[in-house]
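The values are calculated or read from the model by the stated rules, or taken from the named source; none is laboratory data. Because the structure is a prediction, the values reported are computed rather than measured. Here the Cβ positions follow ideal geometry from the backbone for every residue, glycine too, while neighbour counts run over all protein chains shown.
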Amino acid sequence: MGRLWWRFLRAIGARRYSWDLQFAAGYRHHTSCSPHTLRMVGELCRGSVLLEHGCAEGHLPRALPPGTFCRYRGWDISSVAVARARLGAPPHCTFDTADMATWQGDCHDAALIVLEECLYYLRPAEARRFLVRCFRNLAPDGRILVILHDARKHAAPATLCRRVCRIHDETLIGSRLYLTLGPP
């Protein structure tokens, strides 16, 4: 099985199954976070509540220095990835299965929501609704950090963010784009 098969499954509405297959096959395995990502998360979270969508196997909270967050919640569409993330999870970390397209949120006090390499899997209308739901889960001074590893290839989600949200910071490092968002 390859990329075309997984894309076909997502296209016919079998998103979760597609991602489970990819993680089970080892196709979606990575173990490192960029130093810039770690620095930005530390600066934006400031020891408070950290949420992450598209958490995969839970590498972000494991890579962060102690004290970066007081509580972490990670969601991924793949139950295979979430099961792996739960193995040896750091203290104060929980991982759950959720589809961003239907996630409603129940936190309301997040200092930071991280969306790394996941926003472009939603259709534009789904992404817009998802961002609005994310804003409802932020603390009053909270932020959303969108990370796109290829800014040119994924220009559409960046444009959507610029239209729907207030941009607090936009940084391009190589081809990787970091957008720090606040409510409109």
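Quick notes on this structure:
- Selection of the stretch 76-118 for residues being touching an Asp or Glu at 6+ places or on another chain (Cβ under 6 Å) and among the hydrophobic types (A, V, I, L, M, F, W, C) yields ILE77, VAL80, ALA81, VAL82, ALA85, ALA101, VAL114.
- Contact map, the stretch 162-181: first residue over 11 Å from LEU148 (Cβ atoms), second residue of a type in the set (Asp, Glu) and at pLDDT 95 or above, Cβ cut-off under 8 Å, separation 6 or more or different chains; pairs are THR180/ASP169; THR180/GLU170.
- Test for LEU38: is it modelled with pLDDT of 90 or more and either small (Gly, Ala, Ser) or surrounded by fewer than 17 Cβ atoms within 10 Å (Cβ to Cβ) (or both): yes
- Residues that are among the aliphatic types (A, V, I, L, M) and in contact (Cβ under 8 Å) with a residue 60 or more places away in the chain, drawn from the stretch 114-131: VAL114, LEU115
- Looking across the stretch 130-165, the residues that are touching a strand residue (DSSP E or B) at 6+ places or on another chain (Cβ under 8 Å) and part of a loop (DSSP other than H, G, I, E, B) come down to ASN137, HIS149, ASP150, ALA151, HIS154, CYS165.
- Hits in the stretch 64-78 (condition: surrounded by fewer than 16 Cβ atoms within 10 Å (Cβ to Cβ) and among the small types (Gly, Ala, Ser)): GLY67
- Scanning the stretch 132-161 for residues that are in contact with an Asp or Glu (Cβ under 7 Å, 6 or more places away or on another chain) and in contact (Cβ under 8 Å) with a residue 40 or more places away in the chain, we see that the one that is surrounded by the most Cβ atoms within 10 Å (Cβ to Cβ) is ILE147.
Here is a yes/no grid of residues against (1) in contact with a helix residue (DSSP H, G or I) (Cβ under 7 Å, 6 or more places away or on another chain); (2) part of a helix (DSSP H, G or I):
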{"position": "GLY42", "(1), (2)": "no, yes"}
{"position": "GLY74", "(1), (2)": "yes, no"}
{"position": "TRP103", "(1), (2)": "yes, no"}
{"position": "ARG128", "(1), (2)": "yes, yes"}
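- So ARG16, is it modelled with pLDDT under 90 and surrounded by 17 or more Cβ atoms within 10 Å (Cβ to Cβ): yes
- Filtered residues of the stretch 85-112 (kept if under 17 Å from ARG129 (Cβ atoms) and out of contact with any strand residue (DSSP E or B) (no Cβ under 7 Å at 6 or more places or on another chain)): ASP99, ALA101, THR102, GLN104, GLY105, ASP106
- Candidates are the residues of the stretch 51-75 that are touching an Asp or Glu at 6+ places or on another chain (Cβ under 7 Å) and aliphatic (A, V, I, L, M); the one that is nearest to CYS33 (Cα to Cα) is LEU60.
- As for the stretch 165-176, it holds at least one residue that is out of contact with any Phe, Trp or Tyr (no Cβ under 9 Å at 6 or more places or on another chain) and hydroxyl-bearing (Ser, Thr, Tyr).
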